[in-house]
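Enquirer: Have a look at the structure that comes next, please.
The values are calculated or read from the model by the stated rules, or taken from the named source; none is laboratory data. This is a predicted model, so every value here is computed, not measured. A quick note on method: Cβ atoms are made from the backbone with ideal geometry, for glycine too, and the neighbour counts reach across all protein chains shown.
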Amino acid sequence: MNTKTVIKKLKLNKKGFDKIQEAVKKAESKTSGEIAICLTPESSDYSIWEFFAAMFLSLVCFCVMLPFAARINNLIESLTWVNKPGYLAVIFGGAVFFTFFVFFWMFNIPAIDRLIIPDVYKTKMVSRKAFGAFAETGVYCTEKHNGILIFVSFLERQVRIVADKGISDKISDNMWQLIADGLVSELKKGNGVDGFCDAIEKCGQLLSEHYPIEKDDVNEIPDGLLLMDN
């Protein structure tokens, strides 16, 4: 899955990006905390799972064909002048390879890909990618350690809200999870802009309760939605 596909599915255009940026500015106008937002098409290419799933189904195809070997061989004899032993092997091999490539292609369709990848593995990959984004965006190094990252991985349909230590000591993970669940619900409906803006507003309200805006507040992290490659 690529970034253009995700942008299309979430109905994100320039106006939508601007609206998200304004939502961040508005939320941060009430708090000294920082809000960063990242969106990635997927947290891993998952090719190893797609490969093994396609391999497994191609072997199933071979096993299904095996009891019919004699009939297939008779069919070859009826269609050819000379039936060489290699003909049957070629047909079986061709069927296995064809099945493999068809299923491997199918498993790259997001809806099917989500089904074959174990949930535990997807969760692990999303968490790893989210913490990487946390470091990459610089949220971890704000002056008062009061930044948060809203991280969305589209393929897995998972959201992580990663809070720096200054915030995690004051706001429970359950509060962030409620906001994340709400964002997931909106993203599933294709309401990308509204979903992001609502999550940003709620995060801003939580931050303002513990980190109200200060006179000398400096915007340490760029506002707006950051798109990350796979």
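Enquirer: Taking the residues in the range 18-66 that are acidic (Asp, Glu) and touching a strand residue (DSSP E or B) at 6+ places or on another chain (Cβ under 8 Å) as candidates, determine which candidate is nearest to PHE101 (Cα to Cα). Walk me through it before giving the result.
Expert: Residues of the range 18-66 that are acidic (Asp, Glu), as a first pass: 18, 22, 28, 34, 42, 45, 50.
Going one step further and asking which of them are touching a strand residue (DSSP E or B) at 6+ places or on another chain (Cβ under 8 Å), we end up with 28, 34, 42.
Numbers: GLU28: 50, GLU34: 47, GLU42: 22 Å.
Among those that are acidic (Asp, Glu) and touching a strand residue (DSSP E or B) at 6+ places or on another chain (Cβ under 8 Å), it is GLU42.
Enquirer: Checking PHE103 against (1) modelled with pLDDT of 90 or more; (2) within 30 Å of ILE161 (Cβ to Cβ); (3) not assigned by TED's automatic domain parsing to the domain that holds GLN158, which single condition isn't satisfied?
Expert: With (1) modelled with pLDDT of 90 or more; (2) within 30 Å of ILE161 (Cβ to Cβ); (3) not assigned by TED's automatic domain parsing to the domain that holds GLN158 applied to PHE103, the lone miss is (2).
Enquirer: Is at least one residue of the range 81-101 touching a residue at least 12 places away in the same chain (Cβ under 8 Å), exposed (fewer than 15 other Cβ atoms within 10 Å of the Cβ), out of contact with any Asp or Glu (no Cβ under 8 Å at 6 or more places or on another chain) and hydrophobic (A, V, I, L, M, F, W, C)?
Expert: Looking for residues that are touching a residue at least 12 places away in the same chain (Cβ under 8 Å), exposed (fewer than 15 other Cβ atoms within 10 Å of the Cβ), out of contact with any Asp or Glu (no Cβ under 8 Å at 6 or more places or on another chain) and hydrophobic (A, V, I, L, M, F, W, C), one finds at least one in the range 81-101, hence yes.
Enquirer: Quick one: in the range 112-147, of everything that is in contact (Cβ under 8 Å) with a residue 40 or more places away in the chain and β-branched (Val, Ile, Thr), which residue is farthest from LEU225 (Cα to Cα)?
Expert: If we take residues in the range 112-147 being in contact (Cβ under 8 Å) with a residue 40 or more places away in the chain and β-branched (Val, Ile, Thr), then ILE116 is farthest from LEU225 (Cα to Cα).
Enquirer: Can you confirm whether ILE150 is under 25 Å from LYS9 (Cβ atoms), hydrophobic (A, V, I, L, M, F, W, C) and in contact (Cβ under 8 Å) with a residue 12 or more places away in the chain? It would help to see each step written out before you state the result.
Expert: Working: under 25 Å from LYS9 (Cβ atoms): yes; hydrophobic (A, V, I, L, M, F, W, C): yes; in contact (Cβ under 8 Å) with a residue 12 or more places away in the chain: yes.
Taking the combined requirement at face value, the residue satisfies it.
Enquirer: Restricting to the range 8-21, count the residues that are touching a residue at least 12 places away in the same chain (Cβ under 8 Å), closer than 20 Å to SER153 by Cα and outside any loop (DSSP other than H, G, I, E, B).
Expert: The number of residues fulfilling the criteria is 5.
Enquirer: Could I ask something else about it? Which is assigned to a helix (DSSP H, G or I) and either modelled with pLDDT under 90 or hydroxyl-bearing (Ser, Thr, Tyr) (or both), of LEU57, LEU75? Spell out how you get there, then give the answer.
Expert: On the way: LEU57 fails: either modelled with pLDDT under 90 or hydroxyl-bearing (Ser, Thr, Tyr) (or both).
Testing whether each residue is assigned to a helix (DSSP H, G or I) and either modelled with pLDDT under 90 or hydroxyl-bearing (Ser, Thr, Tyr) (or both) leaves just LEU75.
Enquirer: Only residues in the range 22-46 that are farther than 13 Å from SER208 by Cβ count as the first member; pair them with residues that are among the basic types (Lys, Arg), Cβ under 6 angstrom, at least 6 apart or cross-chain, and list the lot.
Expert: SER43/LYS129
Enquirer: I've got another one for you. Look at the range 169-191 and say how many of its residues are of a type in the set (S, T, N, Q) and either assigned to a loop (DSSP other than H, G, I, E, B) or surrounded by 15 or more Cβ atoms within 10 Å (Cβ to Cβ) (or both). Steps first, please.
Expert: So the first thing to find is which residues in the range 169-191 are of a type in the set (S, T, N, Q), and the list is 172, 174, 177, 185, 191.
With the extra rule that they be either assigned to a loop (DSSP other than H, G, I, E, B) or surrounded by 15 or more Cβ atoms within 10 Å (Cβ to Cβ) (or both), the set shrinks to 172, 191.
Of the residues in that region, 2 qualify.
Enquirer: If only one of SER127, SER78 is surrounded by fewer than 15 Cβ atoms within 10 Å (Cβ to Cβ) and among the hydroxyl-bearing types (Ser, Thr, Tyr), which one is it?
Expert: On the way: SER127 fails: surrounded by fewer than 15 Cβ atoms within 10 Å (Cβ to Cβ).
Testing whether each residue is surrounded by fewer than 15 Cβ atoms within 10 Å (Cβ to Cβ) and among the hydroxyl-bearing types (Ser, Thr, Tyr) leaves just SER78.
Enquirer: Name every residue in the range 134-149 that is under 23 Å from LYS30 (Cβ atoms), of a type in the set (A, V, I, L, M, F, W, C) and either surrounded by fewer than 17 Cβ atoms within 10 Å (Cβ to Cβ) or touching a Lys or Arg at 6+ places or on another chain (Cβ under 8 Å) (or both), in order of residue number.
Expert: Looking only at the range 134-149, we keep the residues that are under 23 Å from LYS30 (Cβ atoms), and these are 134, 137-149.
In the following step, the residues that additionally are of a type in the set (A, V, I, L, M, F, W, C) were identified as 134, 139, 141, 148-149.
The answer is CYS141, LEU149.
Enquirer: Being touching a strand residue (DSSP E or B) at 6+ places or on another chain (Cβ under 6 Å) and at pLDDT below 85 is the filter here, so list the residues in the range 173-220 that pass it.
Expert: Of everything in the range 173-220, just one residue is touching a strand residue (DSSP E or B) at 6+ places or on another chain (Cβ under 6 Å) and at pLDDT below 85, namely GLU220.
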